[in-house]
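This report refers to the structure that appears directly beneath it.
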Amino acid sequence: MTGPTHEATAEGAADLLTLPGTPLAEAVVELIRPVETPPVFNHSIRSYLFARLLAGHLGLTAGSDYNDDLLFSACAMHDLGTAADGPRRQRFEVEGADRAAGFLVERGVPGSDADQVWQAIALHTSPGIAERRGTLCRLVREGVALDFGGPMGNNHGEAVTDEQADAVHAVYPRLNMIRSLVDAIVAQAAENPDNAPRYSIPGELLREREEFGRTRMEHSFRSSRWGN
């Protein structure tokens, strides 16, 4: 894996909001920004910032306990499977994982590192599994959960203070993220039965939208920490 890593801290807005700034991280941003809606893009970046805060809270150090470029890549691309320009032939978590891993290998990332990112993205909707598949999978899963503010089930809400959350949201606002994300997942799921197997996240979101017009996930956000 090329590119420097660094130990991120939560001290000061500059440190809190600084992205890796490596060529790989910049390439990832260039990939996702045009193909994701602004709410989903912001959610992806916030998931990384919250995952990095969680790492510090758990006493984990970038460069020794985890690779910051891989953490950024996995968080930033974890919803890439919802992109409108994707092949749309598999459930969005797997499609995003395949696309992200291929993107990394094309840029010289070792296959073993790309596979770590694949697992983290493919398992980010699988509580109780992702947390047992290594540090990267755990940080991605729980960073995403932190950005959901509770409905995805997170045990480390104290890792992000209200002041830190306010600073992150000021730069990467939520923009009714949950509605936009569910819209994107449902649109991808509806294109092919293979995209929405029953009892999977995309399958259930599609079924709830079709049957009730609103998903339980959207309803649960009324009582989430962030509110939308």
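The values are calculated or read from the model by the stated rules, or taken from the named source; none is laboratory data. Given the structure is predicted, the values throughout are model-derived calculations rather than measurements. Don't worry about glycine lacking a Cβ; one is built from the backbone with ideal geometry, like all the others, and counts go over all protein chains shown. Heavy atoms of the whole protein, side chains included, go into the accessibility calculation; ligands, DNA and RNA do not. Shrake-Rupley method; radii C 1.70, N 1.55, O 1.52, S 1.80 Å.
Which members of region 106-150 meet the condition of being under 17 Å from Asp79 (Cα atoms) and open to solvent by 50 Å² or more (accessible area, probe 1.4 Å)?
Matches in region 106-150: Asp115, Gln116, Trp118, Pro127, Arg138.
Taking Pro197, is it under 16 Å from Met217 (Cα atoms) and open to solvent by 40 Å² or more (accessible area, probe 1.4 Å)?
no
Of all residues in region 152-210 being assigned to a helix (DSSP H, G or I) and among the polar types (S, T, N, Q), which is nearest to the chain's Cα centre (by Cα)?
Ser180
Which residues, taken from region 142-174, are modelled with pLDDT under 95 and either of a type in the set (Lys, Arg) or in contact with a Lys or Arg (Cβ under 6 Å, 6 or more places away or on another chain) (or both)?
Scanning region 142-174 gives Asp147, Gly149, Gly150, Arg174.
For (1) under 28 Å from Pro197 (Cα atoms); (2) of a type in the set (Val, Ile, Thr); (3) surrounded by 20 or more Cβ atoms within 10 Å (Cβ to Cβ), each residue gets a yes or a no:
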{"site": "Glu36", "(1), (2), (3)": "yes, no, yes"}
{"site": "His43", "(1), (2), (3)": "yes, no, yes"}
{"site": "Ala55", "(1), (2), (3)": "no, no, yes"}
{"site": "Arg88", "(1), (2), (3)": "yes, no, no"}
{"site": "Arg91", "(1), (2), (3)": "yes, no, yes"}
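At positive phi and not aliphatic (A, V, I, L, M) - does that describe any residue in region 154-175?
no
Across region 200-228, what is the number of residues that are more than 19 Å from Thr125 (Cα to Cα), at pLDDT 90 or above and buried (at least 16 other Cβ atoms within 10 Å of the Cβ)?
Adding up the residues that qualify gives 0.
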